[in-house]
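Reviewing the structure listed below.
The values are calculated or read from the model by the stated rules, or taken from the named source; none is laboratory data. All values reported here derive from a predicted model rather than from experimental measurement. Methodologically, a virtual Cβ is constructed for each residue, glycine included, from the backbone with ideal geometry; neighbour enumeration extends over all protein chains shown. With ligands, DNA and RNA removed, areas are computed over all heavy atoms of the protein, side chains included. Shrake-Rupley method; radii C 1.70, N 1.55, O 1.52, S 1.80 Å.
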Amino acid sequence: MFQSIKITLIMSIGILLTGCAGKDFVRPTPEAFKLGTSTYAQVTQQLGEPRREGSLLKNEKTVKSITYAYASTGGEALETGVIAARAMTYYFLNDALVGQEFGSSFKSDNTNFDDAKIGAIEKEKTTREEVVQLLGRPSATYIAPMVKMTSGNAIGYTYSSTKGGVIGGFKFFRKTLLISFNDKNQVADIEFSSSGNK
């Protein structure tokens, strides 16, 4: 699910020799677009033409995706030696928004999260509000078919970083957390993964 952000950030970094890649953008507020009702036209009207479009199969449904990305060698990154980059991806089913993801390594709007706190989240006990209190504002939200349970919804946390340069090669790191909820707004499932080297 978070694969598109990783791919987009890698693409952006690949053309950083010009000093920056993509058109800079500000992460929309949580109220800007609503899952299940906002449309492709509403998103592109506010954010402009996307950098990339694609499609993917989620739970036997073909979902359309659009991505906005920006990277800058002159931007202030969260971590020393990391290239500052951000990406936003939206997913649509039959023109209705079913998912949105944001990832950033810029210090000002970074999406890094404390994965050491994941152990405090309990299935069928911890609520959505408690997850947000624990980990902060989520960087992704989803409804079916982006999540397995058709009656549920999910939030996500993702952080990617890229270090290095063309001569010495790039070093990539990524961690993602997906938390889905049942109809009582309690945690139904927890999926965490990390890859690469910091």
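Give just the number: which of (1) outside any strand (DSSP E or B); (2) touching a residue at least 24 places away in the same chain (Cβ under 8 Å) does residue 142 not satisfy?
Only one criterion is unmet by residue 142, namely (1).
For residue 66, which of the numbered conditions (1) over 16 Å from the mean Cα position of the chain (by Cα); (2) modelled with pLDDT of 95 or more fails to hold?
(1)
Residues are listed down the side, and each one gets a yes or a no for (1) among the polar types (S, T, N, Q); (2) more than 29 Å from residue 79 (Cα to Cα):
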residue: 124; (1), (2): no, yes
residue: 131; (1), (2): no, no
residue: 138; (1), (2): no, no
residue: 177; (1), (2): no, no
residue: 184; (1), (2): no, yes
residue: 192; (1), (2): no, no
residue: 197; (1), (2): yes, no
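Only residues that are of a type in the set (A, V, I, L, M, F, W, C) and at pLDDT 90 or above: list them for segment 120-161, please. Break it down stepwise before answering.
Keep residues of segment 120-161 that are of a type in the set (A, V, I, L, M, F, W, C), which gives 120-121, 131-132, 134-135, 140, 143-144, 146-147, 149, 154-155.
The answer is 120, 121, 131, 132, 134, 135, 140, 143, 144, 146, 154, 155.
State all residues of segment 62-118 that are in contact with a helix residue (DSSP H, G or I) (Cβ under 6 Å, 6 or more places away or on another chain) and assigned to a loop (DSSP other than H, G, I, E, B); if no residue qualifies, say none.
73, 83, 95, 113, listed by residue number.
Checking residue 106 against (1) open to solvent by 50 Å² or more (accessible area, probe 1.4 Å); (2) without any contact (Cβ under 8 Å) to a residue 40 or more places away in the chain; (3) under 27 Å from residue 197 (Cβ atoms): exactly one of these is not met. Which one?
The failed condition is (1).
Looking only at residues that are open to solvent by less than 30 Å² (accessible area, probe 1.4 Å) and small (Gly, Ala, Ser) in segment 162-187, which one is modelled with the lowest pLDDT? Before you say what the answer is, go through the steps one by one.
Quick first cut of segment 162-187, residues open to solvent by less than 30 Å² (accessible area, probe 1.4 Å) only: 162, 165, 173, 175-181, 187.
In the following step, the residues that additionally are small (Gly, Ala, Ser) were identified as 165, 180.
On the way: 165: 64, 180: 93.
Per the criteria, the residue is 165.
Could you please find all residues in segment 19-61 being open to solvent by 80 Å² or more (accessible area, probe 1.4 Å) and part of a strand (DSSP E or B)?
The answer is 53, 55, 57, 61.
Could you list, ordered by first residue, the pairs with Cβ atoms under 9 Å in which the first is in segment 54-78 and at positive phi and the second is surrounded by fewer than 19 Cβ atoms within 10 Å (Cβ to Cβ), at least 6 apart or interchain?
59/145; 59/148; 59/150; 60/145
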